[in-house]
Amino acid sequence: MSISSVEKSATKKITLHIVPYLFIAYLVSFLDRVSITYSSLGGMDKALGITSSAFGLISGIFFIGYFVCTVPSNIMLNRYGARKWIARILVAWGIVTVITAWSNSVSHLYILRFLLGVAEAGFFPGVILYITFWFRSKERAKVVALFMTAPPLANALGAPLSIWVVQNIHWAGMPGWRWLFIFAGIPAVVLGIITFFYLSDKPNQAKWLSCEEKEWLSNELKKESLNKRDTKALSFKGVSKDKIVWKFAFTNLTYVIGLYGISFWMPRIIKSLSDVLTDTQVGYITMAPYICGAIAMVLMGVHSDRTRERKYHAAFAPLLGAIGLIGALIAPSPLVAVLMICVTTAGLYSFSGPYWAFTSATLTAEAAVVGIGIINSLGNFGGFIGPYVIGILNDVTGTVSFGIAFLALMLILTCIQVLAVKSGKNRTIVENQEPRNAV
């Protein structure tokens, strides 16, 4: 068999075996994250006496646990192997989600949502690392892009299904919102068990590859590894002095505030647009913005790759998101407001591809290893800040309008910060650095 035919067959097998499975696992993780949102609409708030600010904290505290344990989790993945550790992550977060069904107080939810972040920590960067074990640099960007379409699709599918569960499932005397946590958690546990038997840690362990394919891929990845040995990572202290790293970090922070502020509060925002909307209608309407987001993510990424322009694509996306939010505030009708929310999600989800490409192409090779970790870590705090601040503003003002205005401001700041970054001529360009983001 020729080298070209071995390359073609190996790449096809690996893509079909790994990418759909990891996509499903990431989709399930977002179903677990947003189950709290639809449980809130389905009676949980009334049953447990949850205020808007408490709901914001319940939503956001997940990211504190995620932030604290991401690095230790990645260390464990390296020590025990991706197959075992990703399986452990899936089973752990599934169990925590199922246990959440028996929460009887706000305090229980605080603890369990924090533990969910702890359990899920390291999954996204762990998967990114796992992808590097199987795909060459020139293929990873496409693989990561396919993988990252899971969040908007999870939200689009999860909205109507979750609303249906909370309204129609009342088995064993338990309300639907409790069953939603059970149904969200079980797939993660099942996938975790399957993962242990389905995934292989490295190509030389894959029984579904031929000996020729294993040898070819191992040699290709070894060549790439040897080419990278001249690049030495700087220490955390060294990278922390690089101003451009912090510019990108605060850009990611304001962006993630907007992203998760919208993600956790969108059903409530849509519900507030009209007094006649039922929860079922809210669930179906919520699908539209996320479908728009998934389509925009792909189109923006393709256009950015085709034109090889990153900065202005990355700046335009949050600006579009802010325009959509402002439009929703001043919309003359609920229909126009929903259309403007679709514009918002199109902007939000089309940001990541150009932004991370711009980031990795601007950082020096020496700074990228630690710098991307700093950027991702600070960004995770946005997942805590966004939902929590909206909850506080909603309690204080009695309306979500001020929360929407706050998110629009954060996205405008994101746009300004991207435009303010100047990639110096003497900075080393780093090709094909994958994002270490956890959205």
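Restricting attention to the stretch 141-169, which residues are closer than 30 Å to ASP305 by Cβ, of a type in the set (Val, Ile, Thr) and in a helix (DSSP H, G or I)? Passing the criteria: VAL143, VAL144.
Being open to solvent by less than 10 Å² (accessible area, probe 1.4 Å) and either within 16 Å of THR286 (Cβ to Cβ) or not small (Gly, Ala, Ser) (or both) is the filter here; which residues of the stretch 170-179 pass it?
Of the residues in the stretch 170-179, the ones open to solvent by less than 10 Å² (accessible area, probe 1.4 Å) are 176-177.
If the condition is that a residue be open to solvent by less than 10 Å² (accessible area, probe 1.4 Å) and either within 16 Å of THR286 (Cβ to Cβ) or not small (Gly, Ala, Ser) (or both), then TRP177 is the only one that fits.
Entry remark, the stretch 11-60: residues being of a type in the set (A, V, I, L, M, F, W, C) and under 30 Å from ILE131 (Cβ atoms) number 14 in total. When each of ILE244, ILE326, ILE257 is tested for being more than 23 Å from PHE30 (Cβ to Cβ) and at pLDDT 95 or above, the lone residue that passes is ILE326.
Restricting the stretch 392-439 to residues that are modelled with pLDDT of 50 or more and not in a helix (DSSP H, G or I) leaves a set whose member that is most open to solvent (accessible area, probe 1.4 Å) is LYS422. Would you say GLY293 is farther than 21 Å from VAL144 by Cβ, open to solvent by less than 10 Å² (accessible area, probe 1.4 Å) and touching a helix residue (DSSP H, G or I) at 6+ places or on another chain (Cβ under 7 Å)? The answer is no for GLY293.
Tally up the residues in the stretch 97-126 that are β-branched (Val, Ile, Thr) and buried (at least 24 other Cβ atoms within 10 Å of the Cβ), please. Spell out how you get there, then give the answer.
Applying the first criterion (β-branched (Val, Ile, Thr)) to the stretch 97-126 yields 97-100, 106, 111, 118.
In the following step, the residues that additionally are buried (at least 24 other Cβ atoms within 10 Å of the Cβ) were identified as 97, 100.
Within the stretch 97-126, residues that are β-branched (Val, Ile, Thr) and buried (at least 24 other Cβ atoms within 10 Å of the Cβ) number 2.
Of all residues in the stretch 268-279 being of a type in the set (Val, Ile, Thr) and open to solvent by 50 Å² or more (accessible area, probe 1.4 Å), which is nearest to the chain's Cα centre (by Cα)? That would be THR278. Of the residues screened, THR307 is one that is over 21 Å from the mean Cα position of the chain (by Cα), more than 17 Å from LEU41 (Cβ to Cβ) and surrounded by fewer than 23 Cβ atoms within 10 Å (Cβ to Cβ). All conditions in (1) modelled with pLDDT under 90; (2) assigned to a helix (DSSP H, G or I) hold for VAL282, with the sole exception of (1). Scanning the stretch 101-129 for residues that are more than 18 Å from CYS69 (Cβ to Cβ) and in a helix (DSSP H, G or I) yields ALA101, TRP102, VAL106, SER107, HIS108, LEU109.
The values are calculated or read from the model by the stated rules, or taken from the named source; none is laboratory data. Quick caveat, the model's predicted, so the values are computed rather than measured. Note that each Cβ is placed from the backbone with ideal geometry, even for glycine, and that neighbours are counted across all protein chains shown. Ligands, DNA and RNA are excluded from the accessible area calculation, which covers all protein heavy atoms including side chains. Shrake-Rupley method; radii C 1.70, N 1.55, O 1.52, S 1.80 Å.
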